[in-house]
Amino acid sequence: MPAVPAKTGWKTSDLVYIALFAVLIAVCSWIAVPAAVPFTLQTFAVFLAEGLLGGKRGTLAVLVYVLLGTVGIPVFAGFGAGIGVLLGPTGGYLLGFLLSALIYWLVTAGLGTRLPVRIGAMALGLMVCYTFGTAWFMVVYVRTSGPISFVTALSWCVFPFLLPDCVKLALAVTLSGRLARHIR
């Protein structure tokens with residue numbers, strides 16, 4: 001008897017969830033408090049996509065979001081769009097969301113999806129997002145405005161976001177735990 005080939009196709013529901021969460025990330029990016037790096041709910045939506053969709057579909061949702069903004073659809077904070085936003089001072093954080101989702105996918109694929117693993121994967125992804133985004137911010141800022149100290153960059157780009165992002169992470173983990181039974 002011939003071996004049954006492995007299932008390789010995507011279900012329609014997978015594609016719908018990926019699109020839905022890409023839109024959710026966009027909507028959450030529009031809820032913003034302006035600053036050097038705006039306060040938004042994007043990180044909450046990214047965490048929720050990871051927690052509800054899992055690593056693979058969550059990463060694809062973030063990728064679709066970034067690609068939509070890159071091609072000119074105004075999905076970034078402040079209704080921003082285009083490659084110029086990605087190449088600007090906050091572009092590293094947008095790409096950092098994608099790195100965050102990839103890290104979540106890798107960690108949960110290797111260590112499972114128990115609650116402590118999921119929380120740790122999200123926290124690790126957030127740290128990578130902060131690191132990549134702040135490095136990007138410093139490079140762009142130096143080129144456009146002049147030198148900036150590392151501590152100043154952290155005080156603008158990371159320190160104000162630590163507590164709110166931890167709250168967003170906790171809320172996303174809680175919601176994803178409660179809503180998971182409704183998403184396959």
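The values are calculated or read from the model by the stated rules, or taken from the named source; none is laboratory data. Here the structure is a predicted model, which means the values were calculated and not measured. Virtual Cβ from ideal backbone geometry, glycine too; neighbours counted across all protein chains shown.
Among the residues of segment 115-135, which ones are free of Cβ contacts under 8 Å to residues at least 60 places away in the same chain and surrounded by fewer than 20 Cβ atoms within 10 Å (Cβ to Cβ)? Pro116, Val117, Ile119, Gly120, Ala123, Leu124, Met127, Val128, Thr131, Phe132, Ala135 - these are the residues of segment 115-135 that are free of Cβ contacts under 8 Å to residues at least 60 places away in the same chain and surrounded by fewer than 20 Cβ atoms within 10 Å (Cβ to Cβ). Being free of Cβ contacts under 8 Å to residues at least 40 places away in the same chain, within 25 Å of Pro89 (Cα to Cα) and assigned to a helix (DSSP H, G or I) is a property that holds for Thr152. A single entry from Leu179, Leu175 fulfils the requirement of being modelled with pLDDT of 95 or more and not charged (D, E, K, R): Leu175.
Per-residue answers, yes or no, for (1) over 22 Å from Gly58 (Cα atoms); (2) of a type outside the set (Lys, Arg); (3) assigned to a helix (DSSP H, G or I):
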| site | (1), (2), (3) |
| --- | --- |
| Thr134 | yes, yes, yes |
| Tyr141 | yes, yes, yes |
| Ile148 | yes, yes, no |
| Pro164 | no, yes, yes |
| Leu169 | no, yes, yes |
| Ala180 | no, yes, yes |
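The listed residues are Phe161, Phe137, Phe132, and the only one of them that is of a type in the set (Phe, Trp, Tyr) and at pLDDT below 95 turns out to be Phe161. Scanning segment 34-60 for residues that are under 20 Å from Val117 (Cβ atoms) and buried (at least 24 other Cβ atoms within 10 Å of the Cβ) turns up Thr43, Val46, Phe47, Leu48, Ala49, Glu50, Gly51, Gly58, Thr59. Looking at Ser29, Ser13, Ser100, just one residue is in a helix (DSSP H, G or I), surrounded by fewer than 20 Cβ atoms within 10 Å (Cβ to Cβ) and of a type in the set (Ser, Thr, Tyr), and that residue is Ser13. Residue-level check: of (1) modelled with pLDDT under 95; (2) in contact with a Leu (Cβ under 7 Å, 6 or more places away or on another chain); (3) not aromatic (Phe, Trp, Tyr), Cys28 misses just (1).
Kindly list the number of the only condition in (1) out of contact with any strand residue (DSSP E or B) (no Cβ under 7 Å at 6 or more places or on another chain); (2) surrounded by 14 or more Cβ atoms within 10 Å (Cβ to Cβ) that fails for Leu163. Leu163 satisfies all of (1) out of contact with any strand residue (DSSP E or B) (no Cβ under 7 Å at 6 or more places or on another chain); (2) surrounded by 14 or more Cβ atoms within 10 Å (Cβ to Cβ) except (2).
Out of all the residues in segment 75-91, which are crowded, with 20+ Cβ neighbours inside 10 Å, aliphatic (A, V, I, L, M) and assigned to a loop (DSSP other than H, G, I, E, B)? The answer is Val75, and nothing else.
Taken together, the residues in segment 58-74 that are assigned to a helix (DSSP H, G or I) and within 15 Å of Trp30 (Cα to Cα) amount to 4.
Checked against (1) within 29 Å of Ala19 (Cα to Cα); (2) surrounded by 15 or more Cβ atoms within 10 Å (Cβ to Cβ); (3) more than 16 Å from the chain's Cα centre (by Cα); (4) of a type outside the set (Lys, Arg), Met138 meets all criteria but (1).
Quick grid of which residues meet (1) farther than 19 Å from Val37 by Cα; (2) within 18 Å of the chain's Cα centre (by Cα):
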residue: Ala77; (1), (2): no, yes
residue: Leu95; (1), (2): no, yes
residue: Tyr104; (1), (2): yes, yes
residue: Val117; (1), (2): yes, yes
residue: Ala123; (1), (2): yes, yes
residue: Val128; (1), (2): no, yes
residue: Ser145; (1), (2): no, no
residue: Phe150; (1), (2): no, no
residue: Asp165; (1), (2): no, yes
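Taken over segment 9-27, the criterion of being of a type in the set (Val, Ile, Thr) and more than 18 Å from the chain's Cα centre (by Cα) is satisfied by Thr12, Val16.
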